[in-house]
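K.L.:
Dumping the structure here so I can ask a few things about it.
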Amino acid sequence: MPAIFPPPVLRRALARPFIPPTPRLAIDGYWRAHPLRADRLARALAAASGAPKGWTWRLTKRRNDGLPATFRMPPAPFRERAFALGPGACCICGQPVYRFGWHVDLWNAGANRRAVWHAACVIAWEFWTAPSDFVQVLKRLQARRCGESGKRLLKSAEVDHRLPLYRVWGEHRDTEWPQLLAFWGAPNLQVINRDAHAAKCASEADHRRGRREALSLAGSRG
Ligand SMILES: [Zn+2]
């Protein structure tokens, strides 16, 4: 055990029935147990970096430039080849990565030249890209009430983006990064019962159909 170690991580590690065998595993376990904190921290770190100059949110069908292929993926400028910072900086938030993937240099050892992810940003990325895996945490956050109807959440309840991601791409594309990331994080996530989810998806489909029709009308006029 290193002489200096983040106190909340140490407290949690020592309270486990099986104490994590390495400092790195203790830190990973800490963030896995606190995905909402990881989500907030990753967005705060990204805010300290800001978007690189000249970056805009773009999608691509090509494989090799690091751009996302779909608007379902959170925009991550530092994962794109053109804006990559290289080892020692986190590819998600752009801030330096220190020992054990920590985000503060508690050891005064400088950036870890082999690391490209914060331990917290690994979990934040999982949370943003696969929020269904965190349904239990989100249910607790809502005191087990459906985000749409307020009724008790059933076992089959599903994770939903309050503002659907196709609308984020369609209507909020120019929101500054990293404020954009909040659409993938806890602020835009809710757990809703399946019937409420089906009703919401149907009204979103109507909304999309309406927009397509309006667009094709505009197109046929001019
Ligand atoms: Zn990071």
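K.L.:
At 1.4 Å probe size, with the rest of the protein present, what percent of the exposed accessible area of the stretch 153-195 is carbon and sulfur atoms? Don't skip to the answer; put the middle values down first.
P.N.:
Numbers: 920 of 1990 Å².
Carbon and sulfur atoms account for 46 percent of the accessible area of the stretch 153-195.
K.L.:
Given a Förster radius of 45 Å and the C-beta distance between I4 and S156 as r, what FRET efficiency does 1/(1 + (r/R0)^6) yield to the nearest 0.05?
P.N.:
Numbers: r = 46 Å, r/R0 = 1.02.
Result of the calculation: an efficiency of 0.45.
K.L.:
If you take the beta carbon distance between K61 and R140 as r and set R0 to 45 Å, what does 1/(1 + (r/R0)^6) give as a FRET efficiency, to the nearest 0.05?
P.N.:
Numbers: r = 39 Å, r/R0 = 0.87.
Once the sixth-power term is evaluated, E becomes 0.70.
K.L.:
Let me ask you something else. Could you tell me how far the Cα centroid of the stretch 10-24 sits from the Cα centroid of the stretch 102-175, in Å?
P.N.:
Using only Cα atoms to place each centre, the spacing works out to 24 Å.
K.L.:
Of the chymotrypsin sites (Phe, Trp or Tyr not before Pro) in the stretch 1-89, which ones lie in a loop per DSSP and count no more than 15 other C-beta atoms within 10 Å?
P.N.:
Working: sites: F18, Y30, W31, W55, W57, F71, F78, F83; in loops: F18, W55, W57, F71.
Answer by residue number: F18, W55.
K.L.:
Once you've got the GNM for the chain with C-alpha springs shorter than 10 Å, pick whichever of A115, A51, A205 has the biggest mean-square fluctuation.
P.N.:
Taking springs between Cα atoms under 10 Å, the residue moving most is A205.
K.L.:
Radius of gyration and Dmax for the chain's Cα atoms, expressed in Å?
P.N.:
Calculated on Cα positions, Rg and Dmax stand at 20.2, 72 Å.
K.L.:
List the trypsin sites (Lys or Arg not before Pro) in the stretch 124-206 that DSSP assigns to loop (not H, G, I, E or B) and whose Cβ has at most 11 other Cβ atoms within 10 Å. Which are they? Spell out each step's value before the answer.
P.N.:
Working: sites: K139, R140, R144, R145, K151, R152, K155, R162, R167, R173, R194, K200; in loops: R144, K151, K155, R162, R173.
Those that pass, being in a loop and sparsely packed, are K155.
K.L.:
For the pair L14 and T70, what calculated FRET efficiency results from E = 1/(1 + (r/R0)^6), where r is the Cβ-Cβ distance and R0 = 41 Å, to the nearest 0.05?
P.N.:
In this case the efficiency is close to 0.45.
K.L.:
The stretch 28-109: which trypsin sites (Lys or Arg not before Pro) are DSSP loop and have at most 16 other beta-carbon atoms within 10 angstrom?
P.N.:
On the way: sites: R32, R37, R40, R43, K53, R58, K61, R62, R63, R72, R79, R81, R99; in loops: K53, R58, K61, R62, R63, R72.
Filter output for the stretch 28-109: K53, R58, K61, R62, R63, R72.
K.L.:
Give me the distance in nm between label points sitting 7 Å out from Cα along the Cα-to-Cβ direction at A199 and A214, one decimal.
P.N.:
2.4 nm
K.L.:
Something else: From the gyration tensor of the Cα coordinates in the stretch 151-222, what semi-axes in whole Å does the equivalent ellipsoid have, largest first, with each one equal to sqrt(5λ)? Can you show the working numbers first?
P.N.:
Details: eigenvalues 154, 78, 5 Å².
Gyration-tensor ellipsoid for the stretch 151-222: 28, 20, 5 Å.
K.L.:
Right, something else. Within straight cross-link reach of K151, meaning Cα distance under 12 Å, which aspartates and glutamates are found once same-chain residues fewer than 8 apart are removed?
P.N.:
Result set, ordered by chain and number: D195.
K.L.:
Then there's this: Using Cα-only point scatterers and the Debye equation, what is log10 of I(q)/I(0) for the stretch 82-193 at each q in 0.22 Å⁻¹, rounded to two decimals?
P.N.:
With one equal scatterer per Cα and no solvent, log10 I(q)/I(0) is -1.10.
K.L.:
So for the chain, taking the charge dipole from beta-carbon charges (+1 Lys/Arg, -1 Asp/Glu), which of L153, P52, A205 sits furthest toward the positive end?
P.N.:
Final value for the positive-end residue is L153.
K.L.:
With the cut-off at 18 Å, report for the stretch 118-170 the share of all Cα pairs above it, as a whole percent.
P.N.:
Values: 577 of 1378 pairs.
I get 42 percent for the Cα pairs in the stretch 118-170 exceeding 18 Å.
K.L.:
Place a label point 7 angstrom from the Cα of S149 along the Cα-to-Cβ direction, then list the residues of the stretch 188-212 whose backbone nitrogen is under 12 Å away.
P.N.:
192-200
K.L.:
For the chain, report the accessible area per residue in Å² (1.4 Å probe, heavy atoms, rounded to an integer). Don't jump to the answer; show the numbers that get you there.
P.N.:
Details: 12560 Å² over 222 residues.
Value for the chain: 57 Å² per residue.
The values are calculated or read from the model by the stated rules, or taken from the named source; none is laboratory data. Just so it is clear, the structure is predicted and the values come from calculations on it, not from any experiment. Cβ: placed from backbone, ideal geometry, glycine included. Neighbour counts: every protein chain shown. We work out accessible area using only protein heavy atoms, side chains counted, and drop any ligands, DNA or RNA first. Shrake-Rupley method; radii C 1.70, N 1.55, O 1.52, S 1.80 Å.
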